[in-house]
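Each remark here refers to the structure printed beneath this line.
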Amino acid sequence: MIDVALFFYFGIFLAIVGSLATAWGPGVNDPIVRTFNTEIASIGVCLVLLCYNHVLALLTLLATTVIISLILFRAIIRLEEMGADV
C-alpha cells in the first residue's frame, strides 16, 4: 500500500512548486501556462487534504479549479479589451 505521508509530502511539494511556477516560472506572460501552473498548485492542496478527508479534498479541488479559472480568464479578457499584449 502507498503510505499516507507520501501523499502529504508530495502534495506540499506540488503546492509549493506550482505556486512558484505561477509567480516566477517559465512562460508566466502566457495566461494559459499560468492557468496550468495554478492547477498544479491546486492539485497539491488537494493531495494534502486527501490525507485528512476524501470529500474535503474533492470539494477543495473543484472549488479552487473553478475560482482560479474564472479569475484568470476574466483577467485575460480585461487585458485584451484594454489592448495589452497578453
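Roughly how far apart, in whole Å, are the Cα centres of segment 63-79 and segment 11-47?
Answer, in whole Å: 14.
If you average over every viewing direction, what projected area does the convex hull of the Cα atoms of the chain give, in nm²?
Mean orientational projected area (the chain, Cα hull): 5.8 nm².
Any read-out appearing in this document is the output of simple, stated calculations on the displayed coordinates, not a laboratory observation. From a predicted model like this one, the values you see are computed outputs, not experimental measurements.
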